[in-house]
Amino acid sequence: MQTTDNDRTIFRTLDEATPGDWRVILRAETADRVKRTTGNRLLDLLASMQNADSLGSPVNLYTHSLQTATRALRAGEDDELVVVALFHDLAESLSDNHHGLVAAELLAPWISERRTWLLVQHVDFQQFHFVNHPTADRHARDRFVGHPFYAETAHFCQFYDQNSFDSAYPTLPLKDFAPIVQRFFARPRPPLKPLPRAC
């Protein structure tokens, strides 16, 4: 039987892990998940972007995310859309134009099909607002005309996302969103569903 050092297992490969090792790991994972919920982990990840470079934009992704969520909250949107707004570009620091899909993958176990679709496709919908961009396809979203989630995604981009680069906008601080995030992730998790793929 493997021994542990201060509740840390010492196997070198998963094949070597004993039932005792797995008990140690499961106990540690359970304790960590009580302390650091999914909501807390996502808030910490977003907070880590606070001093990120703006890459030439008027605000960085941290401020843009807070501002998008602030606009959704002030418009009276439900907790789910506020959470989606807060974390919609979280993955942009990890993945360029696939950040919508990556964000959807992160949130998919907790959000509805329509909000998952919104996250995956918001990258194409956002391009509609790239009026003077030299290479963007402003009509990338047109292939989705008639889709049941088209209108909500277009609304999200027009009223919450594309206009959230305003350095003078009175944006709420991250701590104001913590109760909404905690409440949202405390709900029972719906059954897993397949993700829509970016086209």
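The values are calculated or read from the model by the stated rules, or taken from the named source; none is laboratory data. Since we're looking at a predicted model, the values are computed, not measured. Methodologically, a virtual Cβ is constructed for each residue, glycine included, from the backbone with ideal geometry; neighbour enumeration extends over all protein chains shown.
Selection of first residues in the stretch 24-37 that are farther than 18 Å from Q182 by Cα and of second residues that are modelled with pLDDT under 80, restricted to Cβ pairs under 6 Å at least 6 apart or on distinct chains, gives the following pairs, ordered by first then second residue: V24/T4; V24/D7.
Can you tell which of D7, D32, D53, D44 is at pLDDT 90 or above, loosely packed, with under 12 Cβ neighbours inside 10 Å and of a type outside the set (S, T, Y)? Talk me through it step by step, then tell me what you get.
Details: D7 fails: at pLDDT 90 or above; D32 fails: at pLDDT 90 or above; D53 fails: at pLDDT 90 or above.
The unique qualifying residue is D44.
The condition of being surrounded by fewer than 18 Cβ atoms within 10 Å (Cβ to Cβ), modelled with pLDDT under 95 and farther than 24 Å from R41 by Cβ holds for only one of A151, A186, A198, A168, that being A198. Considering the stretch 105-157, and only residues there that are in a helix (DSSP H, G or I) and polar (S, T, N, Q), the residue that is nearest to T38 (Cα to Cα) turns out to be T116. The lone criterion from (1) closer than 19 Å to R183 by Cα; (2) in contact with a helix residue (DSSP H, G or I) (Cβ under 6 Å, 6 or more places away or on another chain); (3) not polar (S, T, N, Q) left unmet by D78 is number (2). If the condition is being in contact (Cβ under 8 Å) with a residue 24 or more places away in the chain and of a type in the set (D, E, K, R), then the stretch 116-172 contributes D124, R143, E152, D161, D166.
Residue by residue, here is whether (1) surrounded by 14 or more Cβ atoms within 10 Å (Cβ to Cβ); (2) modelled with pLDDT under 95; (3) farther than 23 Å from R187 by Cβ; (4) out of contact with any Asp or Glu (no Cβ under 8 Å at 6 or more places or on another chain) holds:
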{"position": "Y62", "(1), (2), (3), (4)": "yes, no, yes, yes"}
{"position": "T68", "(1), (2), (3), (4)": "yes, no, no, no"}
{"position": "V82", "(1), (2), (3), (4)": "yes, no, no, yes"}
{"position": "F87", "(1), (2), (3), (4)": "yes, no, no, yes"}
{"position": "H98", "(1), (2), (3), (4)": "yes, yes, yes, yes"}
{"position": "Q127", "(1), (2), (3), (4)": "yes, yes, yes, no"}
{"position": "D142", "(1), (2), (3), (4)": "no, no, yes, yes"}
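Restricted to the stretch 10-29, and to residues there that are more than 32 Å from the chain's Cα centre (by Cα) and among the small types (G, A, S), the residue that is surrounded by the fewest Cβ atoms within 10 Å (Cβ to Cβ) is G20.
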